[in-house]
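Here is the structure we will look at.
The values are calculated or read from the model by the stated rules, or taken from the named source; none is laboratory data. Bear in mind that the values here come from a model prediction, so they are computed numbers and not experimental data. Counting neighbours? That spans all protein chains shown, and the Cβs are built from the backbone with ideal geometry, glycine included.
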Amino acid sequence: MDKQRKFKQYESQDPGLGTAYQKSVKRILNEDGSYNIKRIGTIRMLKDFYKYLVDLNAWKFGFFLVGSFLVANLFFAGIYCLIGTEHLHGINPNQNEFVAAYYFSAQTFTTVGYGAIAPVGNLTSFVAAMEAFVGLIAFAIATGLIYGRFSRPSTKIAFSHNVIITPHKDQMALMFKIVNQRNSVLLNTKVHVNLSLVDEDSESAILKRQYYTIPLEVDFVRYFPLTWTLVHVINEDSPLYNLTLTEIKGKLAELLIIIEAFDETYSQTVIRKYSYAEHQWATGVKFKKNFSADDTGTIILNINEISDLEVLS
């Protein structure tokens, strides 16, 4: 049987990542699950500000909230100083006028209102009323953003650093390991794996990417409390059959993985993307076992050892 026809059963259509390129391209998915694609013409930050803030990392988001609060109060303190601090009753004569106006602004913005300083006159009172209104809206928006960040379902599924090709049941097999880093319970976990191989068209000199669905020995488990080693047997029907590690890397092989699971914490289905490519392929090694039972019969799982390898003897 012709080799191409033999692999036909595992060929899959383009999953949305492209098939033909004029030059060699990097891996499709980065190790953090993000796409290695530079997009031009997308919605800019100001037009999609909510998504930008929800996706912002924690320390930058915290800096944005604190910075926005400080800047807003600097703005209103400046207005009070322009109107005249004599219209703010109760300022300590020994205190800097701008500092006093700033603290009054912070109290008004947060609607704390200690009462030590009070606005006098219609204009100052109007500005204070508008600031209180802006403060209420600002804190409502901040609360919504914080809730949006914390309520998003997310996964902390860790992958072994390497995908390995190693002996398995008198054959060669491709393997990688996953583990849930949280104490949350994942149920009905399903793993989908595609393999991307690149070949050059001799006539057009265009690099063509072919996708294959990679069958696993087990691709679904009801419960996922321990590590899970995913195994693809490299038999005569596998697109990796008889390929050396050098040939695999030469074809820019990339293993594209999607994991779907039901998370009891969120009561929702969560999804995790990952890929193996380039330096992450390895052979001549096997995974070490990273869980065992203690004297009481309790299973001890060491998540930090998920990537530990040992050389084949």
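Filtering the stretch 93-111 down to residues that are free of Cβ contacts under 8 Å to residues at least 24 places away in the same chain and touching a helix residue (DSSP H, G or I) at 6+ places or on another chain (Cβ under 8 Å), which residue is surrounded by the fewest Cβ atoms within 10 Å (Cβ to Cβ)? In this case the residue turns out to be Phe98. The helices (runs of 4 or more DSSP H) found entirely in the stretch 33-124 that carry 1 or more residues being under 28 Å from the mean Cα position of the chain (by Cα), at pLDDT 90 or above and closer than 30 Å to Arg272 by Cβ are 58-83. Between Leu230, Leu252, Leu240, the distinction of being in a loop (DSSP other than H, G, I, E, B), modelled with pLDDT of 90 or more and either more than 28 Å from the chain's Cα centre (by Cα) or surrounded by 12 or more Cβ atoms within 10 Å (Cβ to Cβ) (or both) belongs to Leu240 only. Scanning the stretch 288-313 for residues that are of a type in the set (Gly, Ala, Ser) and in contact (Cβ under 8 Å) with a residue 12 or more places away in the chain turns up just one, Ser307. Within the bounds of the stretch 199-216, is there any residue that is assigned by TED's automatic domain parsing to the domain that holds Tyr266, under 27 Å from Lys286 (Cβ atoms) and surrounded by fewer than 13 Cβ atoms within 10 Å (Cβ to Cβ)? So far as the stretch 199-216 goes, no, none of its residues is assigned by TED's automatic domain parsing to the domain that holds Tyr266, under 27 Å from Lys286 (Cβ atoms) and surrounded by fewer than 13 Cβ atoms within 10 Å (Cβ to Cβ).
For first residues located in the stretch 78-90 and under 13 Å from Asn122 (Cα atoms), partners that are among the polar types (S, T, N, Q) and buried (at least 17 other Cβ atoms within 10 Å of the Cβ) and lie 6+ apart or on another chain with Cβ distances below 9 Å form the pairs Tyr80/Ser105; Tyr80/Thr124; Ile83/Thr124; Gly84/Thr124; His87/Thr124; Leu88/Thr124.
Looking across the stretch 168-182 at every residue that is closer than 11 Å to Val233 by Cβ and in contact (Cβ under 8 Å) with a residue 60 or more places away in the chain, the one that is surrounded by the most Cβ atoms within 10 Å (Cβ to Cβ) is identified as Leu174. Contact annotation: residue pairs with Cβ atoms under 8 Å, 6 or more positions apart or on different chains, pairing a residue in the stretch 266-287 that is assigned by TED's automatic domain parsing to the domain that holds Thr246 with a partner that is among the hydroxyl-bearing types (Ser, Thr, Tyr) and modelled with pLDDT of 90 or more, are Thr283/Thr166; Gly284/Thr166; Val285/Thr166; Lys286/Thr166; Phe287/Ser160; Phe287/Thr229.
Of all the criteria given as (1) farther than 16 Å from Ser238 by Cα; (2) surrounded by fewer than 20 Cβ atoms within 10 Å (Cβ to Cβ), the one not satisfied by Thr155 is (2). Restricted to the stretch 279-300, and to residues there that are modelled with pLDDT under 85 and under 23 Å from Leu174 (Cα atoms), the residue that is surrounded by the most Cβ atoms within 10 Å (Cβ to Cβ) is Asn290. Of all residues in the stretch 204-224, those that are under 29 Å from Thr189 (Cβ atoms) and in contact (Cβ under 8 Å) with a residue 60 or more places away in the chain total 7.
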